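Have a look at the structure below, then the notes.
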Amino acid sequence: MKELRKHSFLVLLLMSVAVVSIAGFICGTTEENSKDKGQNVAVATAVHYLKDKLMRPEIPDVVPVSIVIGEDERKAGASEPVELEEKTDHKGQKEETDQKENPKEKNEAENGESSGEKEDLSTEDQGKESDQKDDIANPDFRLVDESYFDDALFIGDSRVVGFGLYSGLQNTAFYANKGFQIYTFQTKQIVDTPIGKITVPEALLLQQGLFKKVYIMFGLNEMGWGTDEQFAQYYYNVIDTVKGTQPDAVIYVQSIMHVTKNVSDTSTVYSNEMIDERNRLIKKIAEDEHVYYLNLNEIFTNEENALPDEFSGDGVHLKAAYIELWKQYLMAHGIVKEDDASSNKAASSLSGEEISEN
C-alpha cells in the first residue's frame, strides 16, 4: 500500500487509461450497433421505395416509353403496363372527365383565340365553317375503289402495320411502326429515307401537300398511361401537324379496335370497357378538329362487345384473312371531293348498299 501511495500518480494514470479504454470500447460497440441499425433502416427504406415504385409507377407529363403490344412480346411473357390508380374507378373517372376543360379550347384561349375574336370572322368564312361542321356531323360517305388510296397515307401502330402488309394496297404510303404512340409521334424516327430514318412530322414537311387522304390510328399502346387530358392534347397535336403539312387532305381518325373477350377479361389495361371510354374521347377530338371519325368496331365486334376469337391469333391483332374486311369498310366510307369525283369511277352513294364481308 505504501508503494502504491508513493506511485499514486502512476496508479491514477493507469486507472484513467483503463476507464477511457472501457468507455471507448462501449461507445465503439454502441456506434457500430447504431451504424448497423442505420444501415438496416436505409436498406429497408430503399426496398420499400423500390417496391412502391414497382407497384405504383408515377407517369411523367411526357411519356417517352414505347409500349409494344405484339405477338412476339406476348410469347416471351412480357408484362403488361400497370394500370394507373386514377383509372381504377372507370365510371367515376368518366364523370370527372366529362367536367374537365377541353384541352383544345384551353389552347385557343391561351393563344388569344377567344369566342369574341371568332365572331369577327366574315359571313363567308362563318358559312364555310358551318358547312364543314355539317359535313362532319352528317358525312356523305361514298363507296370507292382501291385507286382512292393511291394518294393516301396511313399513320399508326402495329395494327396499321398489319393492314399495310395484307391489304394489297400497292400505291399507298404507310408511316406505321410496332409500338408507335401519339406520345412519341414527334420524336420517334420510323420513316426510311436514303440518308436514314426521320420522324413522321419531318417526312410530312418534306412531302408537303402530297397526300389527299390521311388515316390516323392511335390509342391502344397508350391505354393505361397518362390522363385523358394528356392523351387528348397529344392527339390534337398529331392532327394539327397533319393539317399544317397536308392542307388539302381529307383526314380520317380510326377508332381503337376491340380486343378479344379473353384479353379484355384478363388484362388490367386493355379492357373493352376502357377502349370504349377512350373511343368516346377520340370521337370528341375528331369533332373538335372537324375531321372524320371511323368506328371500326361496327364490323369487328361480336355480341359480347369484343373482337371475335377467330379474327385474331393473339387477341389483339387481326389475322391476315380479316384485313380485307377492314379495307372493305374503308372503301365503303370514302369522302369524295368534287375534284376527285370524276377521277374515281367507282365512287357512288352509300345509300342502300351493304359492305361485303368476303
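Of all the criteria given as (1) under 19 Å from ASN221 (Cβ atoms); (2) assigned to a helix (DSSP H, G or I), the one not satisfied by LYS327 is (1).
Do you know which residues across region 193-228 are surrounded by fewer than 18 Cβ atoms within 10 Å (Cβ to Cβ) and hydrophobic (A, V, I, L, M, F, W, C)? Residues satisfying the conditions are ILE195, ILE198, LEU205, LEU206, LEU210.
None of PHE154, PHE180, PHE211 is under 23 Å from GLU287 (Cβ atoms), in contact (Cβ under 8 Å) with a residue 24 or more places away in the chain and either part of a loop (DSSP other than H, G, I, E, B) or among the hydroxyl-bearing types (Ser, Thr, Tyr) (or both) except PHE211.
Residue-level check: of (1) closer than 21 Å to ILE155 by Cα; (2) of a type outside the set (Ser, Thr, Tyr); (3) surrounded by 21 or more Cβ atoms within 10 Å (Cβ to Cβ), LEU307 misses just (1).
Among the residues examined, ILE251 does not qualify as modelled with pLDDT under 95 and either part of a loop (DSSP other than H, G, I, E, B) or of a type in the set (A, V, I, L, M) (or both).
If you go through region 157-177 and keep only what is part of a loop (DSSP other than H, G, I, E, B) and not charged (D, E, K, R), you end up with SER167, GLY168, LEU169, GLN170, ASN171, THR172, ASN177. Residues in region 229-248 that are buried (at least 20 other Cβ atoms within 10 Å of the Cβ) and either among the acidic types (Asp, Glu) or not in a helix (DSSP H, G or I) (or both): GLN246 alone. Filtering TYR293, TYR236, TYR215 for residues that are modelled with pLDDT of 95 or more and in contact with a Pro (Cβ under 8 Å, 6 or more places away or on another chain) leaves a single hit, TYR236. Quick one: in region 285-296, of everything that is closer than 22 Å to LEU330 by Cβ and in a helix (DSSP H, G or I), which residue is nearest to the chain's Cα centre (by Cα)? For region 285-296, the residue satisfying everything is ILE285. For region 265-275, taking the residues that are at pLDDT 95 or above and either in contact with a Phe, Trp or Tyr (Cβ under 7 Å, 6 or more places away or on another chain) or surrounded by fewer than 18 Cβ atoms within 10 Å (Cβ to Cβ) (or both), the one that is nearest to PHE218 (Cα to Cα) is identified as GLU273.
The values are calculated or read from the model by the stated rules, or taken from the named source; none is laboratory data. Quick caveat, the model's predicted, so the values are computed rather than measured. Cβ atoms come from the backbone with ideal geometry, glycine included; neighbour counts cover every protein chain shown.
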